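*Asks:* Before we start, here is the structure in question, set down as structure tokens.
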Amino acid sequence: MSENNQNKLGDILWAIADQLRGSMNADSFRDYMLSFLFLYNISWRYREAVKKELCKEYDNESKTPLLDWYKKNPNDIEEFEKQMRRKIHYVIEPQYLWDNIRKLASKQSADLLSTLSDGFKKIENDAFGNTFEGLFSEIHLDSDKLGKNPTERNLLLCKIINTIADRLENFTETTDALGDAYEYVIGKFAASAGQKAGEFYTPQRISDVLSNIVVLDCQDPQNGKKPKLENVLDFACGSGSLLLNVKKTMGENGVGKIYGQEKNITTYNLARMNMLLHGVKDTEFEIYHGDTLVNDWKVLKEEIPGSHIKFDAVVANPPFSLRWEPGEKEEKDFRFSRYGVAPKSAADFAFLLHGFHYLSDSGTMAIILPHGVLFRSGKEEAIRTKLINDDNIDAIIGLPQNLFYSTGIPVCILVLKKCRKNSDVLFINASSDEHYEKIKRQNNLREKDVKMIVDTYRERAEIERYSRRVSLQEIKENNYNLNITRYVNLSIEEVSVDLAKVQKELKAIDIEIEKHRAEHNSFLRELGLEEI
């Protein structure tokens, strides 16, 4: 699907949301809207797979064909569902498919509310096995936000479902269409939610920068093999958009498995839905609900030092300068023991060291952090010093201010590697006016701005007032201060003026003027005219 069509569909979905949410907050209605879109999408995928499986036995003229088939073929249901699990990894009982839900809504059936409620429970508990337990845990169909009583709630749900169905019936030409539009709508909700959006969304262009950087080392296939990342991790994954962008950048089958972690339960569910909507099979990703700083995910535990999983790429946009409560156990934590523990006032380096610990020796990590990590003193200076002395910082990229919904401050991207090929650190200062677009309250990186950052990083190019390679010795001479403007100054150097020389030149000009005036007056006297 083209970007224009994707945005057109996204605009339609956003218009539906804006029309239907009424007095409900955008971030509250988001969860309902996106859940219905999820049901619509997985039902559509399931229906297409069913058509191929049942062929002539599938009555396409019926408004609820699979429901009718179930009634006619009760003895074949078990084998049919086994086959569907093998092919597309999930099963939805026909009464809970979108076709039947739409039929109930079009008749304004009083059964809609109970059917949806039962359906959400069935889908999260049975449809995907036990993989997606609690997927709809934040969807409360008995909430007063939907109406004061069951009748009012039922009517609103009928309106939402009918509107979605009417507006989307012409947009099912590709399996990725709704998934891409879903991502577009997430961005629109993020813009509407303001500061709360920092919990679940990384702006698309910034996501493009990180995604393109972490895949560079595997872009040149050797021995005829296609480039591939065995795995990728985002330990603060929000809606999963950054992980999906890495997968998209790598192309089909370019990522072995996606791993994500998210603390917020609502956003965690959103990320799982987002994966499935983009056609990522449940066996191709694992999203964990938990606190990254606590580190209780079994996948990341190491019974024996060094036995943990390692990732070819790590990307992250963690909460900026989050207050946390490190204790004695953090001092001994294998993630921090070599570098030190981040201060209570800001967990920025705690997040960085967490991801860096799980990075493979040949992998690349790109993380978005506030500028303070580059120059703050105390414990952060000690961690920064160790990373520099160990030659782990590959590049530092400064971005313009006001790019994020959650904060107006300028931020930076730190690129880290465990085994670097370069002997210097590349500094890119992309914060000047010519390298971004100002749009009302929000600034935006354009496609050409993203390309310039990525190209400069790949080529390690030095560009006046934009980028520079800096030796480790120079950084040490600057007391390990990584403030970008120390190394790439955006100011234009003023031309020096030699005042003595200028005065001498002016005096010579005055003498010349007087000489010509005298000659002119002599000529006027000869003519009998008044002198000047």
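Each reported figure results from applying straightforward, stated rules to the coordinates on display, with no laboratory input. This one's a predicted model, so the numbers in the text were calculated from it and none came from an experiment. Here the Cβ positions follow ideal geometry from the backbone for every residue, glycine too, while neighbour counts run over all protein chains shown.
*Asks:* Hey, got the Cα dimensions of the range 11-163 along the principal axes, in Å, largest first?
*Replies:* Dimensions of the range 11-163 along the principal axes of its Cα atoms: 47, 32, 31 Å.
*Asks:* Could you give each residue of the range 320-337 its phi-based ³J(HN,Hα) in whole Hz, using Karplus coefficients 6.51, -1.76, 1.60 with θ = phi - 60°, and x for Gly or Pro?
*Replies:* Couplings: 6, 6, 6, 6, 9, 10, x, x, 5, 5, 5, 4, 9, 4, 4, 6, 10, 4 Hz.
*Asks:* Provide the packing ranking of 153-163, 509-519, i.e. peptides ordered by the mean count of other C-beta atoms within 10 Å per residue, highest first.
*Replies:* On the way: 153-163: 18.7, 509-519: 10.0.
Highest-to-lowest ranking by the protection proxy: 153-163, 509-519.
*Asks:* Here is a further query. Run the numbers for Arg323 and Arg420: contour at 0.36 nm per residue of separation, minus the present Cα-Cα distance, in nm.
*Replies:* Answer, rounded to one decimal: 31.7 nm.
*Asks:* Let me ask something additional. For the chain, with the dipole built from +1 on Lys and Arg beta-carbon atoms and -1 on Asp and Glu ones, taken about the Cα centre, which of Leu322, Ser106, Thr202 lies farthest toward the positive end?
*Replies:* Ser106
*Asks:* Further question on the same structure: For Ile388 and Glu514, compute 0.36 nm times the residue count separating them, minus their Cα-Cα distance, and round to one decimal in nm.
*Replies:* Details: separation 126, 0.36 × 126 = 45.36 nm, distance 6.69 nm.
Net length gain for the segment: 38.7 nm.
*Asks:* Apply the a/c threshold of 1.5 to the C-alpha gyration tensor of the range 423-463 and tell me whether it is rounded, prolate or oblate.
*Replies:* Here the range 423-463 falls in the prolate category.
*Asks:* Find how many whole Å separate the alpha carbon centroid of the range 312-369 from the alpha carbon centroid of the range 250-299.
*Replies:* Centre-to-centre distance over Cα atoms comes out at 19 Å.
*Asks:* Another question, then. Helix-only estimate, please: 222 nm mean residue ellipticity of the chain, summing -39500 (n - 2.57) across DSSP H runs of length 4 or more and dividing by its residues, to the nearest 500.
*Replies:* It lands at -14000 deg cm²/dmol.
*Asks:* Using the Cα atoms of the range 323-460, I'd like the radius of gyration and the largest Cα-Cα distance, Dmax, both in angstrom.
*Replies:* 16.0, 48
*Asks:* Something else now. So, in Å, what gap is there between the alpha-carbon centers of the range 383-448 and the range 58-103?
*Replies:* A separation of 50 Å, based on Cα centres.
*Asks:* Averaged over every viewing direction, what's the projected area of the C-alpha convex hull for the range 200-487? Give it in nm², one decimal, please.
*Replies:* Computed as one quarter of the Cα hull surface, the answer is 15.2 nm².
*Asks:* About its Cα centre, how strong a charge dipole does the range 200-487 have in debye, to the nearest 20, once Lys and Arg get +1 and Asp and Glu get -1 at the Cβ?
*Replies:* The calculation lands at about 280 debye.
*Asks:* Now a separate question. So for the chain, taking the charge dipole from beta-carbon charges (+1 Lys/Arg, -1 Asp/Glu), which of Tyr480, His89, Ile388 sits furthest toward the positive end?
*Replies:* Final value for the positive-end residue is His89.
*Asks:* Where Lys and Arg each count +1 and Asp and Glu each count -1, what net charge lies around Tyr339 among other residues with Cβ under 14 Å from its Cβ?
*Replies:* Result for the local shell: -1.
*Asks:* Once the other residues with Cβ under 11 Å from the Cβ of Trp324 are scored (Lys, Arg +1; Asp, Glu -1), what is the net sum?
*Replies:* Computed value for this residue: -2.
*Asks:* Something else about it: Under a Cβ-Cβ cut-off of 13 Å, what is the net charge of the residues other than Asp394 that fall near it, where Lys and Arg count +1 and Asp and Glu count -1?
*Replies:* Numbers: positive: Lys417, Lys418, Arg420, Lys421, Arg458, Arg460, Arg469; negative: Asp217, Asp390, Asp391, Asp424.
Local net charge: +3.
*Asks:* Pick the calculated Cα extents along the principal axes in Å for this structure from [x] 73, 50, 49; [y] 86, 58, 40; [z] 124, 72, 53?
*Replies:* Computing Cα extents along the principal axes in Å and matching it to [x] 73, 50, 49; [y] 86, 58, 40; [z] 124, 72, 53 gives [z].
*Asks:* Using the Cα centre as the reference, give the magnitude of the dipole from point charges on the C-beta atoms of the chain (Lys, Arg: +1; Asp, Glu: -1; all else neutral), rounded to the nearest 20 debye.
*Replies:* Magnitude of the dipole: close to 860 debye.
*Asks:* Provide the packing ranking of 440-447, 64-71, i.e. peptides ordered by the mean count of other C-beta atoms within 10 Å per residue, highest first.
*Replies:* Descending mean neighbour count gives 64-71, 440-447.
*Asks:* Among the aspartates and glutamates, which fall within straight-line cross-link reach of Lys504, defined as a Cα-Cα distance under 19 Å, with same-chain neighbours fewer than 8 residues apart omitted?
*Replies:* Candidates past the 8-residue exclusion: Glu512, Glu514.
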